[in-house]
Structure formats: structure tokens, C-alpha cells
Amino acid sequence: MRKMRAGTRKLVGMTTALLALISMRAAAATPPERTLSIDAIELIAGRETAGKPEISVVHEGIEYRFATPENKAAFEKEPMKFAAADGGACGRMGPLASLGDARRYAVHDGRIYFFSSDGCRAGFLKEPESYIEVDDTMPFGSNDQVLKGRATLDKVVAWAGGAERLKAIASYRASAARTEKQGGKDWAVTNETVIVFPNSYFQKEAWNDSWFSTLSGSRGGAMGSSRGKEQIAASRTRAFDRAMARLPIALLKAHVDGSPKADCPGLVLIGDGEGELDGAPVEFVKVWLNGSGARLTVDRATGKLLALAFHGRDGTMKVGDSVRRFTNFATVDGVTLPTAYVVSFNGKDLANASGMIDTFEINPKVADGLFDVGPS
């Protein structure tokens, strides 16, 4: 019996050593900029306590080290509570910007943020609420307001081509090209947006031969460039879905299809009164989709979509109140959509945030593998 107990102790010791070795090897594979060497549980509590490489976990591509097994267990129980905000993206530049450096961190309101530079960290700490993105609160209204909101968007649907034509859209592609001069050099800039309904989105921007892309689909989200593709954290994918939910085609499709996605209750519509724009009578409707809230301005007589207002980033580093006023429209295969807009941000015209597309396509063929997320 003594020999058996001694053998058991030896086996347990060997197993513990093996697990520690595996943990250390996994840690060694994580680069320093994606390794939080300070215990996240302690850091949020206001204490900077070094973590141990042998007590660590890799979550969404970031290694977290802990001072005690108990702290590691607490993290594993509620990772969304203790992990770096926005999957470790730079806290100042936002969830769809580049990753921050885990060695350059700060805590605000019980969340850990990473930063790309000391300047980003200092700017964030000066006014953190100007840089933090979260889901918008879902609007609520009376039954009459809900019916009014649906009736107003029905007018937009009729103006855009009708419900049956919109229901028949399975995919959408928009593209634009321009030339910019920066640093004494001419740049050919192209943009592409692809949607496969109901819930797959892709955007790509290229500057000469350099490009980057963001996508979300049934298997999550990813960012890519000429260097490759990497899966991104769920919170960053959510931020991308919020941005895509502001596209008029996404709102119209959600309305006519009427089927909510698995991860959200579908499109919410609340009538928000009437008014005037440039002397013309308009109706307002609050919309909410995929965590993104907005307020639409609709011509009362024609149903033409005139403007879209929301709180967030709009070609800006800071989060604020943006109003996109549509200035051009096109009709393709019987579907009418806005193709250009100007931006007012926090009450001021912002010329460099204006947007336009050259063309859009209805039901284009989509390349195989476009929505693959790549290695996780």
C-alpha cells in the first residue's frame, strides 16, 4: 500500500510538472505585446501584482498571467468581466483599430484598456468617455409609436423599390475609388463593401498595394491585410456589426425580411415625431439593429431617406453625435439607395468624414472563402 501511495504521489508530481511545462511553452508562444504580465484580477482591484507564467490562460489571443490559481479560476469563470476591453484594441482609437500593447495599460471604470502608444494612453485618460464604444440602448415606445415607426419605414421601402424587390436581395456590393495626395505621394484609394444577407459583412480598403479588411459572419470576425488574416475578439466583431447596421440597405433588409438574427431581437422601430428639413415636412423614426441605434429622417410625402443620425465614430477618433445627410442617390435593378452623404459631427460640418460610393450591385456573385475567419 505504501508503494502504491508513493507511486501515486510521483505520478501526480509528474503530471503537475508536465502541465506547468505545457503552460510555459504556450506562454512563450505569446509575444510580449499580447502578454499581460500583471495579474488582471489584482489590477482591476487597484493593485499591480506580477503574474506567474505557470499560472496563465490565453483568451482571445492575449495571455493573462495570475499571481494565484484562485485568481486564474476567477478569470476563467467570468472572462468578459476581467479581460481587456475590445479584445485588446487600442483604447483610444477604438475596437476596429489596431491592437494595443499589453505592456501599456490603464484601468477605467473597472475595465482594463491597452494602448498603441503613450500618447494614446494619455489622451484616453484625459477624457475616457470620448473614446469608449458600447452597444446603444434599445429604444422603447408605446404601441402607437411602434406602429408609426413601421409605417414610416414602409414608406422608405416603397421609395427604395418595394418590399418584394428588397426581399429578393441575397447579396450586395458597393465600391468606390479616389486619388489622394499624402506625403508628396499620390495614392490610389479603393473601398469595397460586401454583404451576404442576413448576417455576413465584409469591408476592404486599399492604398496602392497596401490593404486591410474586416469581416464578420457565422464563424465570427476577422481582420486581414497583405500579411494574412487573424480572427478577432467577439467584442470587436460586435463593433463591426454595429457599423454595418447603419447602412440603409441593412436596415431596409432587416425590416422587409422581418426575421431576427440569433444574437439579437431584430430591428426595433419607434416613431419619433414629425418636423421640417429645409422647409419640407419630414417624419423621424428611431431604429436599433445589432446594438446600433440611429434616428432616420424621412420625407413625409415621398418616403425618401434624407438623413441618418447616430452616436459613435464617423471617420473620427472620438465618439460623438454624427448626422449623415444624404446628397446623392442611384437606382440599380429597381433598387434605390443613397450613394453619398455629408457629415455634421457634434454640430460642426466635417468635410473629411463625408462618404460616397461609385457603384453598387444587387445580387453579385461573392468570392468563395470571403467570410472565412482564418486561424484563430
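The values are calculated or read from the model by the stated rules, or taken from the named source; none is laboratory data. Keep in mind that what you see is a predicted model, and the values were worked out from it rather than measured. Quick reminder, even Gly has a Cβ in these numbers, built from the backbone with ideal geometry, and neighbours come from all protein chains shown. What goes into the accessible areas is simple: the full protein's heavy atoms, side chains included, and nothing from ligands, DNA or RNA. Shrake-Rupley method; radii C 1.70, N 1.55, O 1.52, S 1.80 Å.
Here are some notes:
- Filtered residue count, segment 63-105, keeping only those that are small (G, A, S), part of a helix (DSSP H, G or I) and closer than 28 Å to K229 by Cβ: 3
- Residues satisfying the stated conditions in segment 315-330, i.e. open to solvent by 20 Å² or more (accessible area, probe 1.4 Å) and either assigned to a strand (DSSP E or B) or charged (D, E, K, R) (or both): K318, D321, V323, R324, R325, F326, T327, N328, F329, A330
- The listed residue being of a type outside the set (S, T, N, Q), farther than 27 Å from R325 by Cβ and without any contact (Cβ under 8 Å) to a residue 60 or more places away in the chain, out of G258, G228, G221: G258
- Being of a type in the set (D, E) and more than 26 Å from N199 (Cβ to Cβ) is a property that does not hold for D368.
- Condition met for F66 (buried (at least 21 other Cβ atoms within 10 Å of the Cβ) and either farther than 30 Å from V332 by Cβ or out of contact with any helix residue (DSSP H, G or I) (no Cβ under 6 Å at 6 or more places or on another chain) (or both)): yes
- Count of residues meeting criterion [among the β-branched types (V, I, T), under 21 Å from A174 (Cβ atoms) and in contact (Cβ under 8 Å) with a residue 24 or more places away in the chain] in segment 231-252: 1
- Breaking point among (1) farther than 26 Å from V256 by Cβ; (2) open to solvent by less than 20 Å² (accessible area, probe 1.4 Å), for R227: (2)
- One residue stands out among those in segment 336-347 that are among the β-branched types (V, I, T) and open to solvent by less than 30 Å² (accessible area, probe 1.4 Å): the one that is nearest to A176 (Cα to Cα), which is T339.
- If the condition is being free of Cβ contacts under 8 Å to residues at least 60 places away in the same chain, charged (D, E, K, R) and buried (at least 18 other Cβ atoms within 10 Å of the Cβ), then segment 28-62 contributes D39, K52.
- Set side by side, the residues T302, T214, T316 differ, and just one is touching a residue at least 60 places away in the same chain (Cβ under 8 Å), hydroxyl-bearing (S, T, Y) and under 26 Å from W187 (Cα atoms), which is T214.
- Subset of segment 69-103 that is surrounded by fewer than 16 Cβ atoms within 10 Å (Cβ to Cβ) and small (G, A, S) - its residue that is farthest from S216 (Cα to Cα): A73
- Residue check for D333: on the phi > 0 side of the Ramachandran plot and open to solvent by 30 Å² or more (accessible area, probe 1.4 Å): yes
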